[in-house]
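The values are calculated or read from the model by the stated rules, or taken from the named source; none is laboratory data. Just so it is clear, the structure is predicted and the values come from calculations on it, not from any experiment. FYI the Cβ positions are ideal-geometry reconstructions off the backbone, even for glycines, and counts take in every protein chain you see.
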Amino acid sequence: MIRITAAALLLATSGAAWAETHTIQPGEGAQERLQEALILAEPGDEIVLAAGRYALTDGLSVDVDGVTLRGAGMGPGEAGSILDFTAQAGAGEGLLVTSDNVTLRDFAVENAKGDGIKSKGADNIVYHAIRVEWTGGPKATNGAYGIYPVEASNVLVQDSYVRGASDAGIYVGQSENIVVRRNRVVENVAGIEIENSNNAEVTENLATRNTGGILVFDLPGLPRVGGGDVLIANNAVIDNNTDNFAPEGNIVASVPAGTGIMVMANTGVQIIDNALINNATSHVILIAYSQPYTDERYQPVPQDVFIGDNIFGSGGYAPDFAGGAELLKATGLDALPAILTDGLHRNVTSSKARRAMTLGLASVGQPRTEGMPDFIELAAAPAITTRKQMPTAAKALEARIK
Amino acid sequence: MRRSALVLAAAACAFGGAIAARSAAPPTVNDAAIAGEAMPRSLSEFGFFADAGGRVPTDGLIEYALNTPLYSDGADKLRYVYVPDGLSVVSDGDGLLQFPVGSAIVKTFAFGTSADQRFIETRVLLHRADGWVALPYRWNEDQTQATLALAGARLPITRPDGVEVNYRIPNKNECKTCHSKDGEVIPIGPKVRNLSPQFLVALRERGALATIPAADRAMPVWGDRAGNPDTASLARGYLDVNCAHCHQPGGMASNSGLDLRWEQDDPHAIGILKPPVAAGRGAGGHRVSIAPGDPDASIMVHRMSSTEPGIAMPELSRSTNDEEGIAIVRKWIAGMQR
C-alpha cells in the first residue's frame, strides 16, 4: 500500500528522482535476467534493453506500475533491441503487461507464438516506436494480434510498425480513450482494429497490403459492448488486397480482401480526410453484425456515421465477396462506388451528397443472397464540420515520450 | 549492528548441533517470513518443513486434497495450509475459504513414487498485510534445498511413464496470471466445494475453523471418475479447476467473455455456440467454443488437444496434453443435443 502511494507520488512529480535504470544485455540467460529485472523493478524504474537480439523461450511479463521498458530502437538491424520469440515454448503472447502507467518504447518483438504484446487492464499505457513482426510475412500460423491493449482506459499507440498478424496488427479491444497514430501496419489481416471500444482516434496511420486496412467493430456477448465515438482521419489506406489469411472461426476471417475501412455495429464514427487508394473490394464498408446473438445490450448496425472529404482513388473494381463480381457486372460500371453498405445502416451522412452502393438487406441476419442491391444517395450533412472531441487523457500520455 | 548479527549467527552455527540435540524443540513455522516484506531466498527460511528435503511438514501445516485437481503435466502435488495459532479461517458459503493474514498455502510438485520421488518445485502463497504474494522455489539436484526462482525455469523431465515433459516452473508474474482476480493475487484451490471433507475436519480440530460449511454442490472426485456416470458434472468440475481461474469475470481471460466457473449456467457463457473473440489461430478453423454433439468442431477441445503456444489452453502449466481431461470434455460435448 505504501509502495503504491509512493508510485503515485512519483508519477505525479515529473522528475522521477528515485527511479532507477537497470540495463539488460542480450546473451546467455537473457530470459531469466530480463524477467527478473521486470519483476524486481520498483514503480518508476526504467529497464533498458541494450541493442542486440534476445533469444527467448517463454513469455515475458510486466506487473509493476509505472515501469518503462526501453530498447535501443525497433530495428530490424542489430542496432535495435529485438526480443526474438522464434523458440518460444510457452505462454500466449511474447510480452504481457498487467500493471498501470507502463511505457513500452523503442524495441521489437519477433515471431511470438501467440500475440505479440498484450496489455490487459493496463491503464495509461504507451506503446511508442515498437515493431512487432512475424518475419515470414502473412501466414495463418502467425500470432493473432501484434499490439494488443484490452480492457484499459487511456491507450496511446504511436510510431509503431506491425507486420504479419493473422488477425489484427494493432488491436484495441474493450477499452476507452484511445489514440492510435502515425503507425505503419503492413501485411496483416486487419491493419488496425478498434473493437467494443469508445472514444478512439485513429489518425495519420499508413495501412497497406493488409486484407482490410482499418476496422471498427462491435461484437455481442463480451463484458464490454456498445462501441462508438471513433474518429478515423488523415490515414493512408492503400492497396489492402492481401488474401485473407486469418484462421477460420475468427470474425476477421469474414473480411473481404480489398477492404479499406470497415465499420460494423458502432455508434458515432467519423471518416474524414483519409486517402483511400486501390482497395479492390471497397474503400468504405458499413455492415451489420449478421450472426445470431442473445445479448440484450447489443445494437448490431452501424449508426450515426459521417463520411467527410476523403480522397478516393481507384478501388471497388474487384469486389471479393460472394456475388461481388456479378454485382459489379450488373451495374455496368468499371468499379463499385467508394462506399458500400449492406443497407442496414442508420443515419449515415456525408460532407456532400454522395452515391453509394447498397446490398439492399431489409433485416439483420437476412442472407445476403436475399438482398436487393441498388444505388443510394447519402444525405449531405455539411453542418457536421467539427471532428469528434479527442480523448485528451490518452493524448496527454505523449508527454512521457521525450 | 549487522556485524553482531553475523557473529551471533556464526555462534549459532557452531553450537547448533548441540543446542538442537539438547532442547529437541519441534521446529516451527517462521511467521515473520510469511508476513514480512522480503522474498526469502530459500524455502527453508519459512520453516514449513522439519527436514532439508521438504518431506516432513512442520507441526502446524495441514495437508489437504482437492476433489478435482489442476493438471500440471502430470505432476503429483503435496498440498499444505498453514494458519497461525489462534487465528481462524472464515468460510463464505461453498466458495473460497478466507484465510487470515499470516496464513500460507504450500504446494510441492513432484514426479515418481516413494524412494524414486523427486521434488521439482514448491510454490508458496503468502497472505501478507497488503495481500497475497505468490513465489516459486526450485529444488536442487540433491533434493536438499529449494531456492527462489523468481524468473521461473524450464526443465526437461522424463515422467515415470516415459513421457518427455518440457516442464515449466512459472515465474512470479506467471503465478499471478492464474492466481488473479481484478488484478489482485488470490488462492484458487481451497474452495469448500472442491476440498476434501477430511481437511475441513482437520482444520476445525485445530481450532482454525468454527463450523464446517455445507457444500451443496460439491465438485466430483476426479480420481473416482470411472464409476461416476455424471459426465457433465465431471467435465464442468474439470473446466472450473483447469480453466475458470482465467475464464471468469475479473480473471485474466475475462475479455473473452467465456466463463467456465462451476456455478455458471448460462449456456453461451460456458461456450455453447459461442463464437471466439480473440482466439486467433487457436480457433483452428472452428466457429464456436462448444459445438453441441460435435467435439471435433469445438474450439475448446481443439485448444485442450494442442501443446503449441498460441493454440494450447491452458496457456500456462502444461507442455503435454491431459488425455483423461480431454476424454471427459469430449464425452460431455458429444452427449449434448445437436
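Residue-wise test of (1) in a strand (DSSP E or B); (2) within 25 Å of A:Val284 (Cβ to Cβ); (3) among the aromatic types (Phe, Trp, Tyr); (4) touching a Pro at 6+ places or on another chain (Cβ under 8 Å).
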| residue | (1), (2), (3), (4) |
| --- | --- |
| A:Gly191 | yes, yes, no, no |
| A:Asn199 | yes, yes, no, yes |
| A:Ala207 | yes, yes, no, no |
| A:Asn210 | no, yes, no, no |
Out of (1) hydroxyl-bearing (Ser, Thr, Tyr); (2) in contact (Cβ under 8 Å) with a residue 60 or more places away in the chain; (3) within 30 Å of A:Gly94 (Cβ to Cβ); (4) more than 14 Å from every other protein chain (Cβ to nearest Cβ), what's the single condition that is false for B:Thr144? (3)
Limited to the range A:324-358, what total is found for residues that are within 15 Å of A:Gly258 (Cα to Cα) and more than 25 Å from the chain's Cα centre (by Cα)? 6
Regarding B:Thr113, is this residue farther than 22 Å from B:Leu209 by Cβ and polar (S, T, N, Q)? yes
Condition first: farther than 17 Å from A:Thr267 by Cα, among the aliphatic types (A, V, I, L, M) and either buried (at least 24 other Cβ atoms within 10 Å of the Cβ) or within 14 Å of chain B (Cβ to nearest Cβ) (or both). Now tell me which residues in the range A:179-221 satisfy that. A:Val179, A:Val180, A:Val185, A:Val189, A:Ala190, A:Ile192, A:Ala207
Strands (runs of 3 or more DSSP E) enclosed by the range A:20-62 - at least 2 residues per element that are among the hydrophobic types (A, V, I, L, M, F, W, C): A:46-49, A:60-62
Whether any residue in the range B:314-323 is surrounded by fewer than 22 Cβ atoms within 10 Å (Cβ to Cβ) and part of a helix (DSSP H, G or I) is what I want to check. yes
Which one of B:Leu203, B:Leu239, B:Leu234, B:Leu260 is buried (at least 20 other Cβ atoms within 10 Å of the Cβ) and not in a helix (DSSP H, G or I)? B:Leu260
If A:Ile285 satisfies every condition in (1) of a type in the set (A, V, I, L, M, F, W, C); (2) more than 23 Å from A:Arg224 (Cβ to Cβ); (3) outside any loop (DSSP other than H, G, I, E, B); (4) touching a residue at least 60 places away in the same chain (Cβ under 8 Å) but one, which is the exception? (4)
Tell me yes or no: at least one residue of the range A:72-85 is within 11 Å of another protein chain (Cβ to nearest Cβ) and at pLDDT below 95. no
Among the numbered criteria (1) of a type in the set (A, V, I, L, M, F, W, C); (2) outside any loop (DSSP other than H, G, I, E, B); (3) more than 14 Å from chain A (Cβ to nearest Cβ); (4) within 25 Å of B:Gln248 (Cβ to Cβ), which single criterion is violated by B:Ile188? (2)
Residue that is farthest from A:Val62 (Cα to Cα), among those in the range A:101-122 that are assigned to a loop (DSSP other than H, G, I, E, B) and touching a helix residue (DSSP H, G or I) at 6+ places or on another chain (Cβ under 8 Å): A:Gly114
Can you work out which of the residues in the range B:284-295 that are under 16 Å from B:His247 (Cα atoms) and either more than 27 Å from the chain's Cα centre (by Cα) or within 12 Å of another protein chain (Cβ to nearest Cβ) (or both) is surrounded by the fewest Cβ atoms within 10 Å (Cβ to Cβ)? B:Val288
Being at pLDDT below 95 and farther than 21 Å from A:Gly75 by Cα is true for just one of A:Ala17, A:Ala37, A:Ala41. Which residue is that? A:Ala17
Can you list residue pairs whose Cβ atoms sit under 6 Å apart, with the first residue in the range B:102-114 being more than 18 Å from B:Asn140 (Cα to Cα) and the second being in a loop (DSSP other than H, G, I, E, B)? Count only pairs 6 or more apart in sequence or on different chains. B:Gly102/B:Pro84; B:Ser103/B:Val83; B:Ile105/B:Pro187
Selection from the range A:50-67 of residues more than 10 Å from chain B (Cβ to nearest Cβ), within 20 Å of A:Glu133 (Cα to Cα) and not charged (D, E, K, R) yields A:Ala50, A:Ala51, A:Gly52, A:Tyr54, A:Ala55, A:Leu56
Picking from B:Asp182, B:Asp216, B:Asp161, which residue would you name as being farther than 20 Å from B:Val124 by Cα, modelled with pLDDT under 95, within 14 Å of another protein chain (Cβ to nearest Cβ) and surrounded by fewer than 21 Cβ atoms within 10 Å (Cβ to Cβ)? B:Asp182
Which condition does A:Glu296 not pass, out of (1) under 30 Å from A:Arg224 (Cα atoms); (2) touching a residue at least 24 places away in the same chain (Cβ under 8 Å); (3) part of a loop (DSSP other than H, G, I, E, B), if it passes all the others? (2)
Taking B:Ala151 and the conditions (1) surrounded by 15 or more Cβ atoms within 10 Å (Cβ to Cβ); (2) in a strand (DSSP E or B); (3) aliphatic (A, V, I, L, M), which numbered condition does it fall short on, given that it satisfies the others? (2)
Within the range A:163-178, which residues are more than 14 Å from chain B (Cβ to nearest Cβ) and within 11 Å of the chain's Cα centre (by Cα)? A:Ile178
Name the single residue, out of those in the range A:25-56 being in contact with a strand residue (DSSP E or B) (Cβ under 6 Å, 6 or more places away or on another chain) and of a type in the set (Val, Ile, Thr), that is surrounded by the fewest Cβ atoms within 10 Å (Cβ to Cβ). A:Val48
Condition test on B:Gly250, is it out of contact with any Pro (no Cβ under 6 Å at 6 or more places or on another chain), within 14 Å of chain A (Cβ to nearest Cβ) and in contact (Cβ under 8 Å) with a residue 24 or more places away in the chain? yes
Do we have B:Ser298 as small (Gly, Ala, Ser) and buried (at least 21 other Cβ atoms within 10 Å of the Cβ) here? yes
